[in-house]
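Notes follow once the structure below has been shown.
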Amino acid sequence: MATDVMFPDRAATNDTWQWLEGIYDDDALKWVDEQNARTMGSFDALTLQKTAATILEILDSDDRIPMIAKHGEYYYNFWRDAEHPRGLWRRTTLESYRTPKPDWGVLLDIDALGREEGVEWVFAGAQMLPHSYDRALLRLSPDGGDAVVIREFDVESREFVADGFSIPHAKSQVSWIDRDTIFVGSDFGPGTMTTSSYPRQARRWRRGEPLETEEIIHEIPEDHMALWAYHDSTPGFERDVLIDRVDFFSGKTYVLRENQPIQVDIPDDADAAFHREWLLVRTRSRWEVGGETYPAGSLLAANADAFLGGDRHMTALFTPDKATSLVAFEGTRNHLLLTLLKDVSTRIEVLTSGTDGWTRSELGSVEPNQRISVSAVDADDSDDFWLVVTGFLQPPTLQLGSIGRPDVETLKTSPSFFNESRFKVEQHFATSKDGTRVPYFQVSPTELKMSGRNPTLLTGYGGFQIPMLPQYDGIMGKTWLEEGGVYVVANIRGGGEYGPDWHHAARRENRHRAYEDFAAVAQDLVGRGVTSPAHLGCMGGSNGGLLVGNMLTHYPDLFGAIVCQVPLLDMKRYTKLSAGYSWIAEYGDPDNDEEWAFIQNFSPYHNLREGVSYPPVLFYTATSDDRVGPVQARKMAARMQERGIPNVLFYENRQGGHAGSADNAQRAHMLAMSLEFLKSHLFG
């Protein structure tokens with residue numbers, strides 16, 4: 001960190017702004033309304049409206065790729081546009097999808113449903129009944145939060161099923177077992193949810209029976225994170241699986257046999273998945289099994305029935321090296337698709353099991369600074385796959401291919417939303433405080449002048465083993481790059497760019513390394529002459545909000561403006577707010593004195609100092625965010641304003657949940673405020 005001194009606020013026990021934790025309290029909402037009015041008054045209304053309109057035009061563009069998912073003979077899509085701000089759930093055939101203007105059959109109009117029921121519903125997904133696909137369990141949020149109402153929907157009649165499966169508003173988990181039976185985890189009353197606010201019971205619910213009287217098939221301790229139960233409906237390989245997620249990175253997996261849970265004997269910090277006859281294990285630490293030792297970040301395969309019977313023979317499908325990590329894997333009917341990163345560039349491998357073991361081939365790779373995403377079309381039915389190719393300056397292309405056939409079919413290509421030819425992408429490496437090389441992507445004009453005056457926006461995440469990958473962003477291109485800005489994405493530790501070790505290096509007591517990495521990228525941009533602190537801004541959300549909050553408090557001299565979205569900031573009380581308890585494995589437990597000793601070093605709320613000149617900051621959050629919650633941003637803004645720190649703005653959207661917005665118009669408003677705030681302080 002920039003300093004090791006004990007800051008005055010760390011010892012404070014009197015949190016004068018704790019009353020703002022009453023999310024829907026009248027006094028708290030009055031404070032929010034006053035802050036929103038103050039913040040809106042700080043913008044030029046016409047400029048903000050123009051930028052928001054530009055962004056909304058991109059978000060609502062009819063030329064966007066309507067991404068699809070195959071269920072049976074139909075291909076399903078959820079679509080928002082200007083006419084349908086809350087969206088349409090719809091479907092078409094592949095033949096029609098291949099045409100410029102597919103013939104969509106609308107299954108449910110979310111706007112119309114909201115008008116009919118007097119609730120501003122936000123669509124949160126649909127779970128189709130396997131094999132027949134004529135029923136679905138729809139997830140509907142009244143405010144965009146994680147808590148949803150679940151209702152059974154008849155896909156053919158396009159109506160909700162009278163007296164069908166229905167679960168009240170809660171953070172629920174469901175899975176079809178058969179047409180008349182589902183697994184349910186939900187809020188069944190006092191004591192049925194974990195401290196992390198997720199289900200701790202799984203029940204098997206039979207149609208027509210009262211849910212509250214159905215048998216509890218498994219229950220976990222209240223201090224565990226969550227319990228999931230799901231039915232694997234793969235023909236010939238049906239199985240019921242329970243996942244007791246102890247914390248964010250460890251848990252236990254069980255297979256139900258004769259209604260008894262049989263534990264899958266793997267390390268608690270490894271993840272298990274099933275694909276047909278295979279058990280697939282992804283490790284987060286070294287594992288000695290079957291006489292072999294496998295490093296963290298490996299993917300191992302075993303015959304599922306043999307492994308459950310005691311056989312410990314494993315086959316390594318992937319082992320990492322210093323530059324290469326596994327991002328994801330997915331099965332088709334006869335193969336596995338592995339997505340790999342080498343210095344944050346994507347490569348796809350195909351693995352095939354045969355009589356002589358597993359063989360591998362390369363499906364495709366991209367030029368540096370681009371990205372491939374691959375997924376199975378229908379793992380029960382074929383070896384077809386979807387392929388999405390994109391990059392910072394490359395609009396996405398959706399392709400359809402099949403393993404074993406050399407050619408892929410381009411189905412849809414997104415239009416350009418800005419003049420990509422004016423810009424270039426480079427990958428650079430900064431050196432962090434402890435000597436670690438940290439990669440970052442820089443998107444800038446092709447003839448960038450190293451004047452030290454280029455307005456530059458730096459973003460990152462650095463947590464939960466989530467990588468920051470190249471991605472086309474028409475909004476950033478149109479409203480930032482074309483306005484004269486430079487855009488930078490930092491691949492700092494805590495993320496997943498180099499596998500579990502890259503993540504572990506910045507967890508808990510080592511959290512400061514993520515912030516040192518981000519600061520090193522900022523310093524490298526200044527040192528190379530790209531920009532200077534007066535023209536350098538940063539923006540991040542959620543864990544990325546905690547990241548930029550630490551830039552605010554520990555590296556204020558490096559930045560000219562900061563946008564902090566749906567953030568964690570009060571790390572003393574984060575475990576008591578919304579779903580915060582579930583992140584103890586990432587950050588540590590502030591109620592443990594030994595752990596608070598290191599947590600306090602990255603708690604922005606406790607690291608404000610007297611006599612420091614802080615950069616202008618905009619906090620953005622949502623009242624309905626039931627994951628991180630709005631109160632941490634509220635309290636941080638209030639504390640800074642109380643101290644007379646200038647240029648502290650706060651805005652809270654009522655809807656949107658952790659996304660911060662419930663529809664495209666709200667998202668456009670949020671992004672317009674963020675970008676115009678940065679421009680006002682970094683340009684010129």
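The values are calculated or read from the model by the stated rules, or taken from the named source; none is laboratory data. The shown structure was predicted, so the numbers you read here are calculated from the model rather than taken from an experiment. Here the Cβ is made from the backbone with ideal geometry for all residues, glycine too, and neighbour counts use every protein chain on show.
Of all the criteria given as (1) touching a Pro at 6+ places or on another chain (Cβ under 8 Å); (2) on the phi > 0 side of the Ramachandran plot, the one not satisfied by Gly125 is (1). When restricted to residues that are loosely packed, with under 12 Cβ neighbours inside 10 Å and assigned to a helix (DSSP H, G or I), the range 14-32 contains 3.
For the range 339-394, a residue qualifies if it is polar (S, T, N, Q), part of a strand (DSSP E or B) and out of contact with any Gly (no Cβ under 7 Å at 6 or more places or on another chain), and the qualifying residues are Thr339, Ser345, Thr346, Thr352, Ser353, Thr359, Ser361, Ser365, Ser373, Ser375, Thr390, Gln394. Mind checking whether some residue in the range 444-465 is hydrophobic (A, V, I, L, M, F, W, C), within 23 Å of the chain's Cα centre (by Cα) and either closer than 25 Å to Pro320 by Cα or not in a strand (DSSP E or B) (or both)? Yes, that holds for at least one residue. In this structure, does Pro567 turn out to be closer than 27 Å to Ser197 by Cβ and either of a type in the set (A, V, I, L, M) or in the same structural domain as Met640 (by TED's automatic domain parsing) (or both)? Judged against the criteria, Pro567 is a match. Is the range 325-332 home to any residue that is closer than 28 Å to Pro467 by Cα and not assigned by TED's automatic domain parsing to the domain that holds Ala379? No, that holds for no residue. The lone criterion from (1) more than 30 Å from Glu652 (Cβ to Cβ); (2) touching a residue at least 24 places away in the same chain (Cβ under 8 Å) left unmet by Phe78 is number (1).
Among the candidates Ala597, Ala633, the residue that is on the phi < 0 side of the Ramachandran plot and surrounded by 21 or more Cβ atoms within 10 Å (Cβ to Cβ) is uniquely Ala633.
May I ask you to verify whether Asp265 is farther than 21 Å from Thr181 by Cβ and within 30 Å of the chain's Cα centre (by Cα)? When the stated conditions are applied, Asp265 passes them. Of everything in the range 283-319 that is surrounded by fewer than 21 Cβ atoms within 10 Å (Cβ to Cβ) and of a type in the set (Lys, Arg), the residue that is nearest to Val241 (Cα to Cα) is Arg312. Taking strands (runs of 3 or more DSSP E) as the structural unit, those lying wholly within the range 93-181 and holding at least 2 residues that are of a type in the set (Asp, Glu) correspond to 148-154. Determine whether the range 403-414 contains at least one residue that is surrounded by fewer than 16 Cβ atoms within 10 Å (Cβ to Cβ), assigned to a strand (DSSP E or B) and β-branched (Val, Ile, Thr). Within the range 403-414, one or more residues are surrounded by fewer than 16 Cβ atoms within 10 Å (Cβ to Cβ), assigned to a strand (DSSP E or B) and β-branched (Val, Ile, Thr).
Of the strands (runs of 3 or more DSSP E) lying entirely inside the range 250-310, those containing at least 3 residues that are touching a residue at least 12 places away in the same chain (Cβ under 8 Å) span 250-257, 271-275, 278-282, 299-303. Listed by first and then second residue, the pairs with beta-carbon distance under 7 Å, at least 6 apart or on different chains, first residue in the range 135-146 and in contact (Cβ under 8 Å) with a residue 12 or more places away in the chain and over 14 Å from Arg86 (Cα atoms), second among the charged types (D, E, K, R) and part of a strand (DSSP E or B), are Arg135/Glu152; Arg135/Asp154; Leu137/Glu152; Leu138/Arg151. Filtering the range 220-250 to residues that are over 22 Å from Thr575 (Cβ atoms) and of a type outside the set (Val, Ile, Thr) leaves Ala229, Tyr230, His231, Asp232, Ser233, Pro235, Gly236, Phe237, Glu238, Arg239, Asp240, Leu242.
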